[in-house]
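For reference, the structure discussed in these notes is given below.
The values are calculated or read from the model by the stated rules, or taken from the named source; none is laboratory data. As the structure is a computational prediction, the values presented were derived from the model and not from experiment. Counting neighbours? That spans all protein chains shown, and the Cβs are built from the backbone with ideal geometry, glycine included.
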Amino acid sequence: MGIDALVGNAITQRILFLLRDRTLQVAGDPLLKVRKSRIVLFTIIELTAFGATFGIVQNSLSAIGFPIIIGILVPLRIWILPLLPFTEDELAILDQPTASPFTMASVGGMKI
């Protein structure tokens, strides 16, 4: 399960996209529509957020702050990221839902 989840992870896919030669990219990949500098910036932001959440849960005393870190990430995505040099289309491609369509429909998101 761990390796399988890693292969399907959006961060891993973006890092592999950045490392792969441009001639070997899949023709229909939506990341081809986004500048590499924006992919790098977005991936760095995601890895920083991951590091913060992972770091806080490693210490049992500070683990109580985990919901606070998660709560900070929502306003960061809604208000701060659009202020950075991302277009709406780039953010739509970079920040796609990671849940399956069935899961999204069950929580009131997109319809199946």
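Take the residues in the range 11-44 that are closer than 25 Å to GLY71 by Cα and modelled with pLDDT of 95 or more; name whichever of them is surrounded by the fewest Cβ atoms within 10 Å (Cβ to Cβ). Even if it seems obvious, please write down each step before you answer.
Step one: of the range 11-44, the residues closer than 25 Å to GLY71 by Cα are 11-12, 14, 38-44.
Subsequent filtering for residues that are modelled with pLDDT of 95 or more retains 38-44.
Details: ARG38: 18, ILE39: 18, VAL40: 13, LEU41: 17, PHE42: 22, THR43: 18, ILE44: 10.
This residue is ILE44.
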Is the range 89-96 home to any residue that is loosely packed, with under 11 Cβ neighbours inside 10 Å and without any contact (Cβ under 8 Å) to a residue 40 or more places away in the chain?
no
